[in-house]
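Asks: Before I ask anything, let me first share the structure, which is written out below as structure tokens.
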Amino acid sequence: MPNDSWPARAAVDPVVTRLALEGLRAAPKTLPPQLFYDDEGCRLFYAITALPEYYLTRTEWALLQEVAPKAGEWLRPGGTLIEYGASHEAKASLLLGAETNGRPVFDAYVAIDVAATALRAMGARLRKSFPALRFTPIEADFEQPIVLPADLPTGPRLGFFPGSTIGNLDPQGARRFLARARTTLGADALFLLGADLRKSPQVLVPAYDDAAGVTAAFNRNLLVRLNREADAEFDPKSFDHRAVWNAQEGRIEMHLVSRRAQTVRLGSTRIAFAAGESIHTENSYKFTREDIAAMASASGWQMRETWTDSEDRFGLFLLGAS
């Protein structure tokens, strides 16, 4: 669990400060989910993925173990795997291990993520597990335009976006991301997308509000980060974690709800909260197969193959250029 006390001041990060002020001055108040992933946020997120309530990771993992060996059927050897939101290589490693006639399908792996520390740790591990692999980390927000290195291998490319992170984007943002990835990866690329499927709220809500309180700590860690990197003075214990199913929008929402009326300083700005007022910190949209097909089509892709688990909880979708 994180230390909720106010830490010693670090250097103020102008990007973190700007994003926080933009969201907290809005009505309703928001914070962008990319701010979750400082070192402590990454640690807490990986703890979440091992929770009994959080079915997503273990379900996708089982699917990837079945699907990843098929990569040699989609691509000739000498390819490049480009993963978006790649703070750990565990899922990518299943693809990186794929072979055709004893030769690895992928010669290179590009990992794109905002967490610089996680990318460095990935590089150290990959040098041991895949010593012949060319690893290229790109510290960047995958929602922004990405420029791939010009000297990547000329072989086929596979974009990879697991974990249903696509659900953290609003519908317009998801289509924009997929269209931009289509341009970045090139006309002949493929794209493997992981997406959580719609199901009962009785299954969905506990995955984002676990009994052990790990997701609550993950959510509150946003405020700890703002104290450290945006010269803020939040008391994280004065905000409750809340996860709700919004049936109309088809999404789980995470909020931090002020327990009382309070005013919080962030730099030179004072931000007032009413009792019960929330900061909307994350959406996680859930999909049908038809949703994914329509989103892909609107973004210049077409569905090639689909795999789901036996309970239709999670899907892997292979997209090709249309």
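The values are calculated or read from the model by the stated rules, or taken from the named source; none is laboratory data. These figures come from a predicted structure and were not determined experimentally. Positions of Cβ are generated from backbone atoms using ideal geometry, with glycine treated the same way; all protein chains shown enter the neighbour counts.
Asks: Out of everything in region 180-208 that is part of a helix (DSSP H, G or I) and under 28 Å from PRO145 (Cα atoms), what residue ends up being nearest to the chain's Cα centre (by Cα)? Reasoning before the result, please.
Replies: We begin by selecting, within region 180-208, every residue part of a helix (DSSP H, G or I); these are 180-185, 201-207.
After this cut, where a residue has to be under 28 Å from PRO145 (Cα atoms) as well, the list is 180-185.
Numbers: ARG180: 17, ALA181: 15, ARG182: 18, THR183: 20, THR184: 19, LEU185: 19 Å.
It comes out as ALA181.
Asks: Any chance you could count how many residues in region 219-242 are over 16 Å from ILE48 (Cα atoms), in a helix (DSSP H, G or I) and either out of contact with any strand residue (DSSP E or B) (no Cβ under 6 Å at 6 or more places or on another chain) or among the small types (Gly, Ala, Ser) (or both)?
Replies: Going through region 219-242, the residues over 16 Å from ILE48 (Cα atoms) turn out to be 223-240.
Now restrict to residues that are in a helix (DSSP H, G or I): 223-229, 236-238.
Still in the running and either out of contact with any strand residue (DSSP E or B) (no Cβ under 6 Å at 6 or more places or on another chain) or among the small types (Gly, Ala, Ser) (or both): 223-225, 227-229, 236-238.
Count: 9.
Asks: If I filter region 25-38 for residues that are over 20 Å from GLY167 (Cβ atoms), assigned to a loop (DSSP other than H, G, I, E, B), out of contact with any Leu (no Cβ under 6 Å at 6 or more places or on another chain) and at pLDDT below 95, do I get at least one hit?
Replies: For region 25-38, residues over 20 Å from GLY167 (Cβ atoms), assigned to a loop (DSSP other than H, G, I, E, B), out of contact with any Leu (no Cβ under 6 Å at 6 or more places or on another chain) and at pLDDT below 95: present.
Asks: Still on this model: Out of ALA211, ALA216, report the one residue that is in a loop (DSSP other than H, G, I, E, B) and closer than 24 Å to PHE314 by Cα.
Replies: On the way: ALA216 fails: in a loop (DSSP other than H, G, I, E, B).
That would be ALA211, the only listed residue that is in a loop (DSSP other than H, G, I, E, B) and closer than 24 Å to PHE314 by Cα.
Asks: What are the pairs, 6+ residues apart or on separate chains, where a residue within region 122-147 that is surrounded by 14 or more Cβ atoms within 10 Å (Cβ to Cβ) has its Cβ under 9 Å from a residue that is of a type in the set (Val, Ile, Thr) and part of a helix (DSSP H, G or I)?
Replies: As it stands, the answer is PHE142/THR165; ILE146/THR184, since those pairs meet every condition given.
Asks: Considering each of ASP196, ASP170 in turn, give the residue that is of a type in the set (D, E, K, R) and crowded, with 19+ Cβ neighbours inside 10 Å.
Replies: Values: ASP170 fails: crowded, with 19+ Cβ neighbours inside 10 Å.
Criteria check complete, one pass: ASP196.
Asks: Just for region 143-162: of the residues that are closer than 20 Å to GLN34 by Cβ and not in a loop (DSSP other than H, G, I, E, B), which one is farthest from the chain's Cα centre (by Cα)? Talk me through it step by step, then tell me what you get.
Replies: Going residue by residue through region 143-162, those that are closer than 20 Å to GLN34 by Cβ are 143-147, 159-162.
Of the ones still in play, those that are also not in a loop (DSSP other than H, G, I, E, B) are 159-161.
Numbers: GLY159: 14, PHE160: 12, PHE161: 8 Å.
The extreme case among them is GLY159.
Asks: Please state which one of ALA132, ALA115, ALA140, ALA121 is within 17 Å of PHE45 (Cβ to Cβ), of a type in the set (A, V, I, L, M, F, W, C) and in contact with a strand residue (DSSP E or B) (Cβ under 9 Å, 6 or more places away or on another chain). Don't jump to the end; show me each part of the working.
Replies: Numbers: ALA132 fails: within 17 Å of PHE45 (Cβ to Cβ); ALA140 fails: within 17 Å of PHE45 (Cβ to Cβ); ALA121 fails: in contact with a strand residue (DSSP E or B) (Cβ under 9 Å, 6 or more places away or on another chain).
Criteria check complete, one pass: ALA115.
Asks: Can you name every residue in region 41-61 that is among the hydroxyl-bearing types (Ser, Thr, Tyr) and either at positive phi or in contact with a strand residue (DSSP E or B) (Cβ under 7 Å, 6 or more places away or on another chain) (or both)?
Replies: THR59
Asks: Can you confirm whether region 268-282 contains a residue that is in contact with a Ser or Thr (Cβ under 9 Å, 6 or more places away or on another chain) and closer than 20 Å to THR165 by Cβ? Explain how you work it out, then say what you get.
Replies: Within region 268-282, the first condition is being in contact with a Ser or Thr (Cβ under 9 Å, 6 or more places away or on another chain), and the residues that meet it are 270-281.
Add one more test, that the residue is closer than 20 Å to THR165 by Cβ, and what stays is 280-281.
Yes, region 268-282 contains at least one residue that is in contact with a Ser or Thr (Cβ under 9 Å, 6 or more places away or on another chain) and closer than 20 Å to THR165 by Cβ.
Asks: Hey, another quick one. Which of the strands (runs of 3 or more DSSP E) found entirely inside region 243-322 contain at least 3 residues meeting this: among the small types (Gly, Ala, Ser) and within 30 Å of ALA179 (Cβ to Cβ)? Break it down into steps so the answer makes sense when it comes.
Replies: Working: elements: 251-258, 262-266, 269-273, 278-285, 301-308, 314-321.
Output list reads 314-321.
Asks: With the structure loaded, tell me whether ALA230 is in contact (Cβ under 8 Å) with a residue 40 or more places away in the chain and surrounded by fewer than 19 Cβ atoms within 10 Å (Cβ to Cβ) or whether it fails that test. Walk me through it before giving the result.
Replies: Numbers: in contact (Cβ under 8 Å) with a residue 40 or more places away in the chain: yes; surrounded by fewer than 19 Cβ atoms within 10 Å (Cβ to Cβ): no.
Considered against the rule, which asks whether it is in contact (Cβ under 8 Å) with a residue 40 or more places away in the chain and surrounded by fewer than 19 Cβ atoms within 10 Å (Cβ to Cβ), ALA230 comes out as no.
Asks: State whether the residues of region 243-259 include one that is over 30 Å from ALA27 (Cα atoms) and not polar (S, T, N, Q). Full working, then the answer.
Replies: At the first step, the residues of region 243-259 found to be over 30 Å from ALA27 (Cα atoms) are none.
No, region 243-259 contains no residue that is over 30 Å from ALA27 (Cα atoms) and not polar (S, T, N, Q).
Asks: Here is a further query. Pick out the one residue from ALA216, ALA232 that is closer than 17 Å to PRO33 by Cβ and aliphatic (A, V, I, L, M). Spell out the reasoning first.
Replies: Working: ALA232 fails: closer than 17 Å to PRO33 by Cβ.
It is ALA216.
Asks: Among the numbered criteria (1) closer than 30 Å to ILE271 by Cβ; (2) of a type in the set (A, V, I, L, M); (3) free of Cβ contacts under 8 Å to residues at least 40 places away in the same chain; (4) part of a helix (DSSP H, G or I), which single criterion is violated by ALA68?
Replies: Result: ALA68 fails condition (1) only.
Asks: Continuing with this model, one more query. Would you pick out the residues in region 245-255 that are of a type outside the set (Asp, Glu) and either crowded, with 16+ Cβ neighbours inside 10 Å or at pLDDT below 95 (or both)?
Replies: We begin by selecting, within region 245-255, every residue of a type outside the set (Asp, Glu); these are 245-248, 250-252, 254-255.
Across region 245-255, the qualifying residues are TRP245, GLY250, ARG251, ILE252, MET254, HIS255.
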